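Report on the following structure.
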Amino acid sequence: MTGSGITHLRHVGIGVPDLPTERGFYRDVWGLVSTVDDGDALFLAAEGSPEQYALRLRPAPERRLDLVAFAVETQDDVDGYAEAVTALGRGLVTEPGTMQTPGGGYGFRFLDFEGRTLEISAEVEHRSARQLHPKESIPTGLSHVVLNTTDLDAAVRFYTEILGFKVSDWLEHHMCFLRCNAWHHTLALSDNPHASLNHVAWEMRGIDEYMRATGRALRAGTDLAWGPGRHGPGDNTFSYFSAPSGFVTEFTTELERIEDDATWTPRVFRRLPEESDLWGTAGVRKAEPFVGVPDPGAWTPPPF
Ligand SMILES: [Fe+2]
């Protein structure tokens with residue numbers, strides 16, 4: 001790994017068959033704000049985050065993962081990562097350069113070992129964010145993304161050795177939780193029959209705001225996939241819902257922080273209700289929404 005490393009998750013892009021419905025859900029139920037509609041895609045931001053946008057929606061015949069975008073500090077870091085990926089013997093989707101997306105910046109795109117499009121960028125202009133008020137139950141920003149993989153060990157190798165993530169914990173040999181800063185996980189990888197998006201999680205201001213948001217989604221009739229509850233790995237709360245597209249989206253808060261990075265030893269949690277649902281409140285987990293369908297976006301970068 002070169003450069004100073006990935007600092008955080010910037011945004012996730014998805015393609016959906018029914019763009020107006022998906023936008024309505026993320027705006028009215030989830031609490032994101034529309035920022036830019038450039039005619040090709042819609043960009044939605046979290047009010048409490050300085051990132052230009054956290055979610056990019058684009059029309060597509062079938063739901064698909066378009067890209068996952070990570071941030072680094074400098075243009076040199078971007079170039080370092082581009083060199084590391086190029087050294088694997090695969091071409092890049094786009095060469096490092098000025099980006100045309102909202103906020104501009106300098107970045108490049110490439111495919112991971114299972115054909116997911118990733119973007120690494122630096123110096124993207126911030127939007128003006130604000131501190132959310134008590135009881136304001138809209139996301140403060142993205143928390144983490146979980147990817148389904150057919151080869152968990154290869155996935156962990158790729159994201160640790162090439163991108164510099166560190167292993168925080170395991171859930172048996174089924175999930176691996178990875179960090180790029182003090183938060184317990186910004187990325188997690190989950191063993192699955194096919195590559196797909198498992199879920200995207202949104203950080204809330206605190207427990208009260210997380211529960212209010214959960215209630216708002218329930219009252220809106222959103223399909224609850226699992227929760228509310230509290231996980232063992234990461235100690236974070238969770239309420240998982242299926243968005244209209246079928247992709248799973250999560251309200252979370254109080255994710256564990258690993259302040260003493262040097263002494264941290266990854267733990268192995270067991271797939272038992274008392275370790276995956278500490279409060280015992282989450283009910284039966286619907287498996288299918290998390291498994292998803294084979295992603296048509298694999299090896300097919302989005303057109304823009
Ligand atoms: Fe999660």
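Annotation: amide H of Ile120 within the under-5 Å range of Phe70, Phe108, sequence separation 5 or more or interchain, hydrogens built in the peptide plane. The stretch between Asp208 and Arg27, if pulled fully straight at 0.36 nm per residue, gains 63.1 nm over its current Cα-Cα span.
Based on Cα atoms of the stretch 112-175, Rg over Rh with Rh as the Kirkwood radius reads 1.07. Within the listed set Phe110, Phe158, Phe241, the Gaussian network model of the chain (springs between alpha-carbon atoms below 10 Å) gives the highest mean-square fluctuation for Phe158. The share of C-alpha pairs in the stretch 216-304 whose separation exceeds 21 Å stands at 46 percent.
Bear in mind that the values in this text are calculations on the coordinates, not laboratory data. The structure displayed is predicted, hence computed values, not measured ones.
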